[in-house]
Structures are given as structure tokens and as C-alpha cells.
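The structure under discussion appears below in the form of C-alpha cells.
The values are calculated or read from the model by the stated rules, or taken from the named source; none is laboratory data. Just so we're clear, the structure is a prediction, and the values are computed from it rather than from any experiment. Glycine gets a Cβ as well: all are built from the backbone with ideal geometry, and neighbour counts include every protein chain shown. Each accessible area value is taken on the protein alone, full model and side chains, heavy atoms only, with ligands, DNA and RNA left out. Shrake-Rupley method; radii C 1.70, N 1.55, O 1.52, S 1.80 Å.
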Amino acid sequence: LSAEKYNVKRKDFATVQSSDVNFFKTILGNERVLTDDNDVTPFNIDWIKNCRGQSKVVLKPKSTQEVSQILSYCNEKKLAVCPQGGNTGLVGGSVPVFDEVVLNLMLMNNIVSLDEISGALICEAGCVLENVDNYVRERNLIMPLDLGAKGTCQVGGNVSTNAGGLRLLRYGNLHGSILGVEAVKADGIIIDCLKTLKKDNTGYHLKHLFIGSEGTLGVVTKVAIHCPVLPKAVTVGFFGVENFENILQLYKSAKSSLGEILSAFEMADRDAISSTVKNLNLPNPISDYPFYVLVETHGSDEGHDGEKLNRFLSKEMESGLILDGTVTSEPGKMQTIWNLRENIAGAGLRHGYVFKYDVSLPQKHYYELVPKIKQRLGDKAIVVCGYGHIGDGNIHINVTVPEYTREVAGLLEPYVFEEVSALQGSISAEHGVGFRKPHYIHYSKDRSALQLMHQLKTLMDPNGILNPYKVLPEEC
Ligand code: FAD
Ligand code: S2G
Ligand code: ZN
């Protein structure tokens, strides 16, 4: 249980009584209030099985009104609430620590509207990212983010974690592509900032409070998002590279040679790829190299783009930055390459337990920590590997071990965060702080910022019922 494993004391929230369950049932009906042990267990365990809560009740609202009624009741009764989307979060933010009521948005999964000219889509928070992406693709648009969890994660969860993903390099951060948000505060008040205008400079931009606050300031119930046009031409290159320095040179060259059509530039080291190939029995389209780079282009003209990418490929094979590679526009082949990259996240779980670090670093230091951690752990780790979004300076370092031990945890934390902080990086690039990192947030945020965050939290959720034990540390 998280409480024991991470040594956390329960705060003095109320405990759910049968009268509370009856109230929830009058709002939601019996079938949308889960209390049976077997039913609630999956909602208590996070995707990488790092955290396990003890919730006795899972609620599945279908409307903003129901969310509002549930929250105002819980706020009055001082019942803690854990908002939950697809439960693919990787920092323990999406599952309860103790017996918080789980408020799962999965049944709020309707598309509300789409303006096909402006690309402004409004959908409910519980929409699965991939379903919305398929819906807008039929209308010649795409979602502005893509991540390996797209088949399960929800748009509300993406907003709440300010998810980055594989195409942030091209389509930017959610703070830019989210046009508006509807959210419900802890007291049940519905905040309607649901605008589809690209420009609206009237007062404070409140939607940003809900982007990346991980369910601690409000429950996101609807999202308005700008969808870019579906690219007519997509190509993917997968290259072997000798060393990390060459990856940075290749990145610089890709930006200048491919320019506006560059839509993704991902890296992975040999251990990341070989352990994924081995653990999941996935094909590697090229042979074994010290490093790999995945380049994707999104353009409007197949011929133009293909020419540009092949020119880039021959130039950089000539220069030696690329040792070997493949370039394809064939959807099946592109999917095979993306599959390999997107499955690194889960492959390590086959070894038993994974310590995941999602950090941003200045690009020149991007790969510096992997060899240091390898050396520090020696044979205590099965694999130490690095992969991620070069363009965002965001590396994912995975350390796999047969099982969680305090010894290995002690070797890694706070060591990793001290090193990141010394290199002027961030201890969480895109996955958020969640339950696992509040006591490390000071490595990336100074006192004045943390004090203001606490003041905002007190203003928005005076009883602290929304996702307690997450994001903000106890002491300031
Ligand atoms: P959950 O995991 O259910 O919740 C995440 C957090 O948001 C929790 O704190 C929860 O309380 C809160 N929350 C959820 N829904 C709401 C809501 N409606 N209102 C208020 N709070 C809410 N992340 C990236 O950024 N980039 C990646 O490339 C990436 N790749 C991934 C690949 C895999 C295979 C996996 C398993 C995860 C990956 N992630 C990635 C992490 C995760 O998918 C994202 O953080 C995602 O945005 C979480 O969405 P979710 O719906 O699963 O949210
Ligand atoms: C990615 C997925 C989760 C992880 O693959 O880009 O964000 O840490 C990650 O492996
Ligand atoms: Zn990532």
C-alpha cells in the first residue's frame, strides 16, 4: 500500500459512511456507484503498479451537474476525492493514497461540437484521446498531442497533467492548444471558461489554472481544444547513430534541413530499444546501434517532403551522423517504428519493477545522467536506459530491478533530482508531480512560487479535499 511504502499519514478527512453511499446512489443510480472490493481494486492501482490506494467507493458521473452535486456534498462532509481519467498517469497522481472517493470521468465521453473551419473542438473530459483523434481525422483534422497511452488516457487527464507527448515539438504545449476549460471547484461551483475563440484577452486567463494542476484545483469536465489540419504527407525515418553528440548535431541539421515539416524528433539508447525488442518481441526495422533517432515529418506535399527527407538522409549518411537508416511513408512500416518507440514505456515492467524519471535538461546535458546512474547502481539494476523527446529537452530514464527495494530507492532518490537540479533541469518534464514527487518539487520551484501555489490551493479548495497528498508538499 502506498501509505506504508511511502510512509504517509492519513489526514483527518471523514470516512465514507453508508449514508454517503446512499446519497451518491440517489445522484448516480446504483450501477454508477462501485463499492464491491473486486470492482474498486483496479481504480486503486496505477498503471506501473508503483502505488496502491484503499478507496472503498468509485463514482462514475455522466454530467457536469452530477460532478457538481458530488463535489459540493463531499466538500461539506470533508470527504477527500481523487479525480481519475484513464489512470495512465506515471507519478501516482491518479489513484487514492488512503480511502479517498474515486471520481472517474470515463462515462463523460461525448464530443460536444466541432467547428471544421477553425478546428475548434469541444469534448467532455472523459473522452479517450485516440477516439477523439479518430473522430477529427475523419474530418481532416488531428489532435495536437499524441502519446503512447492514447488508447486509454482521457482528454481531461491530458489537460490535468499538461501532457507533452510525441509531437509537442510541432504542435506545442497544451497551454497553447487548449482554448477553454469547464471545471468544477471543490465546493461544486462550475467554472465556465469554455471558449472556442483563439483570442480572448478579457481578464485573468483562468483556464491555465486547470492545465497541469493534476486534479488539485478542480475537476475538468469539458475541454475546448484547437485541432490542426490532418497532414497530407507523413514520413518517418529511423536511424542508427554512433554517439549522443551526433544526435544533437543531427537534431540541429534536421531543424534546418526539414524546417517547418519536422513533427517529431525522438531518441532512444541501445538498452531502451534492445530491451523493448526482447521483452515484447517487437521487430527492429534496422540493426543494432549505440543510439537510435526517430524523425517524423508532417507536410502537405508527399513529393516535396519525400525529396526533403531523402536529401537530409543522404547528406547525413555522407557526414556519418547517420550510420544507417530507413525512411518510409508506408502506414504499416511507420506504425512498426512508432510501436517500438511507444512501447519502451511498458517494456521495462517485464523485469519486475521500474523506477521512472521524466526530467528536462538543457540539451547539452540531455544524456549526461544515464551513464552516471548506470555506474552508481552497477549490478543492482537490470537495465538503465534513456529515451525521449529531444526537441523538448525531455529524457525518460528507466531503471529496472526485479522488485522495489528501499536500498535501490535510496540510491536513486534524491540523487537523481539533485543531479537534475545541479544541471538547471526540471524534476518533472511532462508527467507531473503527482504523489511521488511533492517532496522534490523544491528542486525545481522556489519558495515564492510554492507559497503562491499554497495560497491558490487554499483559495480554490479550502478543505483540501481534491487529490490530497499530491503535487504540493506539506511544508512550504
Ligand atoms: P489519469 O492518469 O487518470 O490522471 C492523471 C492526473 O490527472 C491525476 O492527478 C488525476 O487526479 C488527474 N485527473 C485526471 N482526469 C482529471 C479530470 N477530468 N479533472 C481533474 N483532474 C483529473 N505523458 C506525457 O506527458 N507524454 C507522453 O509521451 C506519455 N506517454 C505515456 C506512455 C504510456 C505507455 C503511459 C502508460 C503513459 C504515458 N504518459 C505520457 C503519462 C500519462 O499517459 C499522461 O499523464 C496522461 O495525460 C494521463 O491521462 P489519464 O486520462 O490517464 O489521467
Ligand atoms: C514516453 C512514457 C512513459 C515513460 O514514452 O514518452 O512519456 O516514462 C513516456 O516511459
Ligand atoms: Zn514522454
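See the values below:
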{"quantity": "Entries of Lys374/Lys437; Lys49/Lys470; Lys49/Lys207 with Cα pairs more than 27 Å apart", "calculated": "Lys49/Lys207"}
{"quantity": "DSSP bridge pairs, the chain: antiparallel proportion in percent, nearest 5", "calculated": "90 percent"}
{"quantity": "Partner aspartates and glutamates for Lys308 [C-alpha distance under 13 Å; skip if fewer than 8 residues away on the same chain]", "calculated": "Glu260, Glu296, Glu316"}
{"quantity": "Listed residue pairs exceeding 21 Å between alpha carbons, taken from Lys25/Lys457; Lys25/Lys222; Lys195/Lys445; Lys60/Lys222", "calculated": "Lys25/Lys457; Lys25/Lys222; Lys195/Lys445"}
{"quantity": "FRET efficiency estimate (nearest 0.05) - Cβ-Cβ, Arg350 to Asp192, R0 56 angstrom", "calculated": "0.80"}
{"quantity": "Convex hull per residue volume in Å³, alpha carbons only, for region 352-442", "calculated": "90 Å³"}
{"quantity": "Two-site label geometry, Ile286 and Asn343: point separation in nm, points 7 Å out along Cα→Cβ", "calculated": "1.9 nm"}
{"quantity": "Within region 120-135: backbone nitrogen closer than 13 Å to the Gln65 label point (7 Å, Cα to C-beta)", "calculated": "none"}
{"quantity": "Förster radius 30 Å - calculated FRET efficiency between Ile27 and Ile117 (Cβ-Cβ, nearest 0.05)", "calculated": "0.20"}
{"quantity": "Within region 361-409, GluC sites (Glu not before Pro) in DSSP loop having at most 15 other beta-carbon neighbours inside 10 Å", "calculated": "Glu403"}
{"quantity": "Å² per residue, accessible surface of the chain at 1.4 Å", "calculated": "42 Å²"}
{"quantity": "Order by protection proxy (mean Cβ within 10 Å, highest first), peptides 121-131, 34-44, 158-168, 198-208", "calculated": "158-168, 121-131, 34-44, 198-208"}
{"quantity": "Modelled FRET efficiency - R0 25 Å, Ser300 with His175, Cβ distances, 0.05 increments", "calculated": "0.40"}
{"quantity": "Under 15 Å from Lys199, Cα to Cα: aspartates and glutamates that are on another chain or at least 8 residues apart", "calculated": "none"}
{"quantity": "Where labels lie 7 Å past Cα in the beta-carbon direction, separation of Asp12 and Ser253 in nm", "calculated": "6.6 nm"}
{"quantity": "Local net charge near Tyr171, Cβ-Cβ under 13 Å (Lys/Arg +1, Asp/Glu -1)", "calculated": "-3"}
{"quantity": "Label-point separation in nm, Leu452 to Gln375, each point 7 Å along Cα→Cβ", "calculated": "3.9 nm"}
{"quantity": "Rounded percent of accessible protein surface that carbon and sulfur make up, the chain, 1.4 Å probe", "calculated": "51 percent"}
{"quantity": "Relative contact order (percent, whole number), region 111-226, Cα cutoff 8 Å, 6+ residue spacing", "calculated": "31 percent"}
{"quantity": "Whichever aspartates and glutamates have a C-alpha closer than 19 Å to that of Lys198, once near sequence neighbours (fewer than 8 apart) are set aside", "calculated": "Asp115, Glu116, Glu182"}
{"quantity": "Paramagnetic label zone (point 7 Å from Cα along Cα-to-C-beta, Glu474; backbone N under 14 Å) in region 1-44", "calculated": "3-4, 6-13"}
{"quantity": "Cβ-based net charge around Leu28, under 13 Å, with every Lys or Arg adding one and every Asp or Glu removing one", "calculated": "+1"}
{"quantity": "Rule-of-thumb Rg ratio for the chain [Cα; 2.2 N^0.38 Å; N residues]", "calculated": "0.98"}
{"quantity": "Highest to lowest packing among 67-77, 429-439, 215-225, 374-384, scored as the average C-beta count within 10 Å", "calculated": "215-225, 429-439, 67-77, 374-384"}
